[in-house]
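Below: one structure, written as structure tokens.
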Amino acid sequence: MHRRALLAAIAPLTAGCFGTTRSRSSEPADTPEPNDTPEPNNTPEPTDTPEPGPSEDERRAGADAIVEAQNQLREAVYIYTDGVSADLLDVSAETTGFDDRAVLLKLSDAQTAIGEAERAATTTEQTETVGSLRELHRYLTQATDLQAWLIDGRDAVLNAYDAIDDRDGEDAVESELDAVASAVENASDPFEAASDVDSGSMDAIDAISADEYEDKQRQFEVELDALERLEGALSTIHAQSTNLEDARNDIDDGDYDAAENTADRASDELDDTIDDLEDLEGNLSSEADAFEDPTEDVLKLTRDYEDEAASVEDEAQAE
């Protein structure tokens with residue numbers, strides 16, 4: 001192998017030597033005129049053969065898969081609204097019979113259909129539509145979870161109000177207050193996730209518009225705000241009712257100064273809560289009608305306890 005390489009390397013040199021020997025004579029050899037350098041041939045480079053586009057059958061299959069996914073999402077919206085309409089605003093925190101499990105089961109079917117549509121998509125337009133369907137699916141999933149927690153939270157507010165108003169035992173009241181706090185906590189994450197959705201994806205089906213999405217988000221926002229403030233108010237009422245019992249015990253024990261100070265602090269806390277609830281009641285928008293009656297009830301209860309605090313304070317001062 002090395003030898004062949006060496007021969008190949010030296011072949012031009014030996015050919016030159018042999019040629020000189022054969023042409024040697026007494027007459028000087030004529031110097032050949034230099035030849036013109038030949039123009040290089042510009043051979044066109046081969047072009048890539050364009051890939052054939054999707055066939056009509058492939059396009060149709062992608063379109064059919066998208067329609068199926070759209071139908072699944074549309075059915076999820078109807079289940080969300082209990083089949084009464086396709087308007088999400090018809091469902092609020094006071095809606096009874098909201099079946100979040102049924103909605104989520106249908107959304108599971110929709111997720112499968114969206115996956116099939118993604119695999120069948122053959123054009124840029126179809127791929128973009130599938131992306132919007134995925135975004136819409138994400139929104140409906142978060143909205144369903146949020147809606148359920150708002151409904152649970154409102155029910156818990158009513159139960160906690162009843163427990164405090166009826167002066168149920170400590171454990172019973174604490175249990176109801178924990179339910180309200182749990183609803184507030186669990187509603188926060190899906191609210192943030194639902195707020196982070198591209199409203200333009202709503203146009204992927206004809207059941208929800210971008211404007212309806214914005215309106216529903218405002219409803220979620222004001223309902224969650226009302227739930228949070230009522231949770232704070234009920235917690236304050238319960239805490240101060242316990243303090244007022246301690247103040248009465250101090251009066252019975254003859255410790256009037258301690259009773260007066262305790263009642264005075266309770267009165268201040270309850271006054272602040274009244275101010276907040278009056279602000280909530282006065283600015284409660286139509287989207288938060290579900291919390292109109294609970295706010296009115298809790299505000300009245302707070303005023304009753306504030307009156308009680310003032311009475312205990314006056315009693316301690318009179319002794």
query: Tell me, what % of the accessible area of the stretch 94-135 is carbon and sulfur with a 1.4 angstrom probe?
result: 42 percent
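At 1.4 Å probe radius, can you tell me the per residue accessible area of the stretch 83-164 in Å²?
Computed with neighbouring chains in place, this is 45 Å² per residue.
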query: So what is log10(I(q)/I(0)) for the stretch 66-214 at q = 0.12, 0.16 1/Å, when the Debye sum runs over its Cα atoms only?
result: -0.56, -0.84
- request: Using only alpha carbon pairs under 8 Å that are at least six residues apart, calculate the relative contact order of the stretch 94-171 and give it in whole percent.
  value: 40 percent
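Could you work out the mean projected area of the convex hull around the alpha carbons of the stretch 56-317, in square nanometres to one decimal?
Hull-based average projected area comes out at 15.2 nm².
Could you tell me what % of all Cα pairs in the stretch 167-310 have separations over 19 Å?
Values: 6350 of 10296 pairs.
Pairs farther apart than 19 Å: 62 percent.
The values are calculated or read from the model by the stated rules, or taken from the named source; none is laboratory data. In this text the structure is predicted, and so the values were computed from the model without any measurement. Quick note on the areas: whole protein, heavy atoms, side chains included, nothing else; ligands and nucleic acids left out. Shrake-Rupley method; radii C 1.70, N 1.55, O 1.52, S 1.80 Å.
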